[in-house]
Amino acid sequence: MLLRTRCNLSFIVAEPTPFILILRPRSDANQWVAHQSYNLAPGVPAVEFADAYGNLCQRLVAPPGAFSIYTSADVMTAATIAIAPGAPFVDVQHLPDEVLTYLLPSRYCESELFLDMATEIVAGAAPGYDQVARITEWVRDSVRFNPASPYSHMAASDVNERREGVCRDLAHLGIALCRSLCIPARIVAGYLHGLQPMDLHAWFEAYVGGRWYTFDPTQAGPRGGRVTIARGHDAANVAIFSQFGPPLERQDMEVSVDLLDGAL
């Protein structure tokens, strides 16, 4: 399916302020970026680089006053996501080198705290995909997905205690539970067609059966129409903007995802 994504941000900047943005999707095996636009107002020099996770990052200094970022991308992506019940657990000694990092605890995913809990949740499930599916179902049933949650910057242990959060919070808990069982897991930030209410979205991927699979505790079942912007250990690695300096006076954001007619 061909989707048009938009994310427009606007700020009031008090003094020259450095930003690192992660707002530009890149083509890979799961999506093809056919066209995109990226405009800054006022126009300022920007430098793009790929971070340690392969995410496309834009580095700039915003001038004082009103500053806006307008982005749009037409992306071909799958209408469904792959599922693989029974896909086996991959022993740590057989994991690819680049996957090993996603076994480690991280700022928002303290996996070392969850082994006993995860073992109880997946009891009776076959090691691998079925364990991750069981974890995803448990998070969906046990933690209230609330896009207007009053809590912010929660680690997985906080989410488990409060049993409420936004999409990234549910993803953090799922990731921590998977890593505690030696299943590599990572967060994904991007867009989901048909998400209500519309916003940027987060889910997670787990490595089983020799590849990454998508899991989303906020949705009732497997659902495609996803456009990936960034991947990382947790939300600290996939923030759409990081600003350095005094707090911003105002931040407004508009997000849309539209299905385009026809094919390329």
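Among the residues of region 28-57, what is the count of those that are outside any strand (DSSP E or B) and either more than 16 Å from the chain's Cα centre (by Cα) or charged (D, E, K, R) (or both)?
Within region 28-57, residues that are outside any strand (DSSP E or B) and either more than 16 Å from the chain's Cα centre (by Cα) or charged (D, E, K, R) (or both) number 6.
So which residues in region 201-234 are touching a Lys or Arg at 6+ places or on another chain (Cβ under 6 Å) and among the aliphatic types (A, V, I, L, M), if there are any at all?
If the condition is that a residue be touching a Lys or Arg at 6+ places or on another chain (Cβ under 6 Å) and among the aliphatic types (A, V, I, L, M), then Ala202 is the only one that fits.
Being under 26 Å from Leu3 (Cβ atoms) and in a strand (DSSP E or B), is that true of even one residue in region 166-182?
no
Any idea which of (1) in contact with a helix residue (DSSP H, G or I) (Cβ under 8 Å, 6 or more places away or on another chain); (2) surrounded by fewer than 18 Cβ atoms within 10 Å (Cβ to Cβ) is the one Leu260 doesn't satisfy?
That leaves (1) as the condition not met.
Could you list all residues from region 33-49 that are surrounded by 14 or more Cβ atoms within 10 Å (Cβ to Cβ) and either modelled with pLDDT under 95 or not β-branched (Val, Ile, Thr) (or both)?
The answer is Ala34, Gln36, Tyr38, Leu40, Ala46.
Could you check region 73-105 and list, in sequence order, the residues that are assigned to a loop (DSSP other than H, G, I, E, B) and out of contact with any Phe, Trp or Tyr (no Cβ under 9 Å at 6 or more places or on another chain)?
Selection gives Ala78, Ala79, Thr80, Asp91, Leu104, Pro105.
Check region 89-102 and report whether any residue there is within 26 Å of Gln31 (Cα to Cα) and in contact with a His (Cβ under 9 Å, 6 or more places away or on another chain).
So far as region 89-102 goes, yes, one or more of its residues are within 26 Å of Gln31 (Cα to Cα) and in contact with a His (Cβ under 9 Å, 6 or more places away or on another chain).
Quickly run through region 181-205 and pick out the residues that are of a type in the set (Phe, Trp, Tyr) and more than 16 Å from Ile135 (Cβ to Cβ).
Here is the first cut: in region 181-205, the ones of a type in the set (Phe, Trp, Tyr) are 191, 203-204.
Selection gives Tyr191 alone.
Could you grab the pairs with beta carbons closer than 9 Å, sequence gap of 6+ or different chains, first residue in region 145-156 and in the same structural domain as Glu110 (by TED's automatic domain parsing) and closer than 20 Å to Leu195 by Cβ, second one acidic (Asp, Glu) and in a loop (DSSP other than H, G, I, E, B)?
So the pair list comes out as Pro147/Asp199.
Could you list, in sequence order, the residues of region 118-128 that are surrounded by 16 or more Cβ atoms within 10 Å (Cβ to Cβ) and part of a helix (DSSP H, G or I)?
Residues satisfying the conditions are Ala118, Ile121.
Quickly run through region 195-234 and pick out the residues that are touching a residue at least 40 places away in the same chain (Cβ under 8 Å), in contact with a helix residue (DSSP H, G or I) (Cβ under 7 Å, 6 or more places away or on another chain) and more than 20 Å from Val99 (Cβ to Cβ).
Listed by number, the residues that qualify are Pro217, Thr218.
Of the conditions (1) in a strand (DSSP E or B); (2) within 18 Å of Phe241 (Cβ to Cβ), Pro25 clears all except one; give me its number.
(1)
Any residue at all in region 229-241 that is surrounded by fewer than 23 Cβ atoms within 10 Å (Cβ to Cβ), in contact with a Leu (Cβ under 6 Å, 6 or more places away or on another chain) and not in a loop (DSSP other than H, G, I, E, B)?
Checking region 229-241: at least one residue is surrounded by fewer than 23 Cβ atoms within 10 Å (Cβ to Cβ), in contact with a Leu (Cβ under 6 Å, 6 or more places away or on another chain) and not in a loop (DSSP other than H, G, I, E, B).
If the requirement is being in contact with a strand residue (DSSP E or B) (Cβ under 6 Å, 6 or more places away or on another chain) and aromatic (Phe, Trp, Tyr), which of these qualifies: Tyr191, Tyr207?
Unique residue meeting the criteria: Tyr191.
The values are calculated or read from the model by the stated rules, or taken from the named source; none is laboratory data. In this text the structure is predicted, and so the values were computed from the model without any measurement. We place every Cβ from the backbone using ideal geometry, glycine too, and count neighbours over all the protein chains shown.
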